[in-house]
Amino acid sequence: MNKVVMAVRKYKAGYEVREEFHDVSFRAEVLSEGDGGDITDVLEALNTDTTVLVKSAYTPMGDYIGDKKMAHLLCTEKGIKPEKAHPSHKVCSIGFCETEKKWYGWSHRAIFGFGIGSVAKEGDCVASSGWTKEYLIAHPEANISVPVGFTAYTLSDAKRMAIAFADSVS
């Protein structure tokens, strides 16, 4: 998928909104045998090689935050500086709020802040990975949750909790 940036508006709160044209053309293919009917013909007929205009928010370093409403909530209303939880990630899901001295984790479904003194309790999102037991048996490295009773004694501990929360609710 190709995109072209048409305009950029920078905000004092520390993010920018880009107007981007995204190419939404596609090619339909039958992936398995069976009675798929004429679905590929229908999909090909819908494909008009069009583009759509999308307004997306990014950090000054170019990391994707989300739509402009999400960026406004995080950066302007809450004073959070978004960042990626891991360099390989594509979307910012954690950030630090200097005024509150808290690390926040979020997804499109939830947001929560962690500071010094935060404790992981039974049933908290930070205490469960969000993966099934079967998946975690095969992929134990995917479990970045913190144990029940984990206490944030430093801001690094609070950041670890924010990362665990973001991973759990994503």
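Bear in mind these aren't lab numbers, they're just calculated from the coordinates by the rules spelled out. Remember, predicted model here, so these are calculated numbers, not experimental data. Heads up, the Cβs are rebuilt from the backbone with ideal geometry, glycines too, and the neighbour counts pull from every protein chain shown.
Packing, as the average of other Cβ atoms within 10 Å across residues, places the peptides 118-127, 58-67 in the order 118-127, 58-67, highest first. In this structure, the pairs whose alpha-carbon distance is over 26 Å, taken from Lys55/Lys101; Lys12/Lys121; Lys90/Lys121; Lys12/Lys101; Lys69/Lys159; Lys55/Lys102, are Lys55/Lys101; Lys12/Lys121; Lys90/Lys121; Lys55/Lys102. Counting 0.36 nm for each residue step from Val91 to Met61 and taking away their Cα separation leaves a gain of 9.6 nm.
A protection proxy built from the mean count of other Cβ atoms within 10 Å ranks the segments 4-16, 142-154, most packed first, as 142-154, 4-16.
Model label sites at Asp23 and Val4, defined 7 Å from Cα along the beta-carbon direction, differ in position by 1.1 nm. Just report the Cα centroid separation between region 122-170 and region 69-88, whole Å. So the two Cα centres are separated by 20 Å.
If the chain linking Glu77 and Val52 were pulled fully straight, counting 0.36 nm for each residue of separation and taking away their Cα-Cα distance, it would gain 6.1 nm. With Kirkwood's inverse mean 1/r over C-alpha pairs for Rh, give me the Rg to Rh ratio of region 79-170, two decimals please. The Rg/Rh ratio comes out at 0.96.
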